[in-house]
1. Tally time: how many residues in the range 264-317 are touching a Leu at 6+ places or on another chain (Cβ under 8 Å), under 15 Å from ALA186 (Cβ atoms) and surrounded by 20 or more Cβ atoms within 10 Å (Cβ to Cβ)?
2. Does the range 224-258 hold any residues that are part of a loop (DSSP other than H, G, I, E, B) and within 27 Å of LYS79 (Cβ to Cβ), and which are they?
3. Filter the range 243-263 down to the residues that are crowded, with 21+ Cβ neighbours inside 10 Å and within 25 Å of ALA82 (Cβ to Cβ) and list them by number.
4. Filter the range 36-61 down to the residues that are in contact (Cβ under 8 Å) with a residue 24 or more places away in the chain and not in a strand (DSSP E or B), then identify the one that is surrounded by the most Cβ atoms within 10 Å (Cβ to Cβ).
5. Out of curiosity, is SER67 farther than 30 Å from LYS318 by Cα, more than 24 Å from the chain's Cα centre (by Cα) and at pLDDT 95 or above?
6. Between a first residue in the range 106-118 that is among the β-branched types (Val, Ile, Thr) and a second residue that is in a loop (DSSP other than H, G, I, E, B), which pairs have beta carbons less than 8 Å apart while being 6 or more apart in sequence or on different chains?
7. So which residues in the range 127-186 are hydrophobic (A, V, I, L, M, F, W, C), free of Cβ contacts under 8 Å to residues at least 60 places away in the same chain and in a loop (DSSP other than H, G, I, E, B)?
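The values are calculated or read from the model by the stated rules, or taken from the named source; none is laboratory data. Remember, predicted model here, so these are calculated numbers, not experimental data. Cβ placement follows ideal geometry from the backbone for every residue including glycine, while neighbour counts extend to all protein chains displayed.
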Amino acid sequence: MPETRSLTVGNLGESGLLARILPRLQGAAALVGPGDDAALIAAPGGAFVFTVDTLVENQDFRLRWPSGFESSGFDVGWKSAAQNLSDVNAMGACATAAVISLTLPPETPVHWVEDLAEGFSAAMRELGASHCAIAGGDLGRGSELSITAALTGALVTESPVLRSGAQPGDILAVHGVLGVAAAGLALLDSSIQTENWTVEQQEIVLGQRRPKPPLDAGPLAAKSGASAMMDISDGLFKDAHRLALASDVEIDINQESLIKDLERLLPIAQTLETEPLAWVISGGEDHGLLATFPPRTELPEGFRKVGTVHAAATSETKNRVSLDGDSLNVSAGFDHFEV
């Protein structure tokens with residue numbers, strides 16, 4: 001490992017960087033602080049959920065892709081709303097208010113920004129969060145486009161569902177699709193031009209452009225007794241590892257439970273001459289839900305069992321997730337600072 005003064009964020013990666021900066025951030029304690037999908041903040045009359053997320057040009061989206069596809073402001077606005085709504089959903093809460101900050105180069109076409117606003121609003125409406133107020137925000141000038149949204153949410157149960165509640169013997173379950181957004185990203189980044197895309201390929205790409213987090217599922221899981229929960233933003237394996245680490249358990253995923261996900265993506269995988277399994281276990285941005293439930297729980301509608309929770313061998317165990325008993329690479333999945 002390089003000397004401390006020569007370390008870069010690329011050396012550490014996202015998890016390593018957070019481990020460095022969070023202890024240095026001092027302030028009054030939150031009811032639930034860093035480490036979950038959203039924070040829980042005390043307030044007169046009750047507590048509320050709070051989250052924030054950013055999309056940056058050429059890191060989280062491109063204006064023009066190698067396939068020739070051009071990202072619309074509508075798509076970027078939709079995605080910003082979806083990823084933040086998903087974080088609130090993963091706490092078992094419903095979104096109540098949003099503020100938006102835009103950084104824009106001066107040459108940005110006004111119609112693109114108008115489309116972004118319409119996309120954000122459409123996602124709120126069509127995903128089922130029309131009750132969420134868009135309360136304001138900020139505009140700034142910069143060298144690249146970025147959109148930051150912060151959302152508050154209200155709990156539907158007395159306490160939020162955290163990542164840290166999974167117990168040995170629990171059922172591991174998923175709500176939503178797996179690998180679709182990753183397959184869509186691969187097609188956007190491919191040399192296959194948009195005019196040659198099949199209808200099925202266009203639908204896969206739409207899953208990357210406009211993900212659909214299941215907003216009814218988070219509160220439903222909370223009411224059904226979910227012991228732990230988080231959204232799947234960086235890949236099934238990486239997010240399962242985070243949940244397992246927070247709960248000090250190990251998780252085994254059953255590959256047979258992923259058959260339908262693999263079959264859905266097989267045609268595009270064959271076209272791109274790759275294997276769909278990597279998309280399904282390591283692809284992010286589908287924004288489904290990963291949850292654990294006590295044994296013998298009847299899973300809420302829309303959830304499917306994909307694995308089981310086991311006691312950790314030791315607290316020092318690094319690889320917390322396995323596939324049919326075989327340990328998986330702990331670095332699999334999305335990392336903002338991967339080079």
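1. 9
2. ALA226, SER233, ASP234, GLY235 - these are the residues of the range 224-258 that are part of a loop (DSSP other than H, G, I, E, B) and within 27 Å of LYS79 (Cβ to Cβ).
3. Residues satisfying the conditions are LEU243, ILE253, LEU258, ASP261.
4. ASP37
5. When the stated conditions are applied, SER67 passes them.
6. THR108/LEU145
7. Hit for the range 127-186 is CYS132, nothing else.
Results for (1) over 30 Å from ARG296 (Cβ atoms); (2) free of Cβ contacts under 8 Å to residues at least 12 places away in the same chain; (3) in contact with a His (Cβ under 6 Å, 6 or more places away or on another chain), shown as yes or no for each residue.
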| site | (1), (2), (3) |
| --- | --- |
| VAL199 | yes, yes, no |
| ASP216 | no, no, no |
| GLY225 | no, no, no |
| ASP234 | yes, no, no |
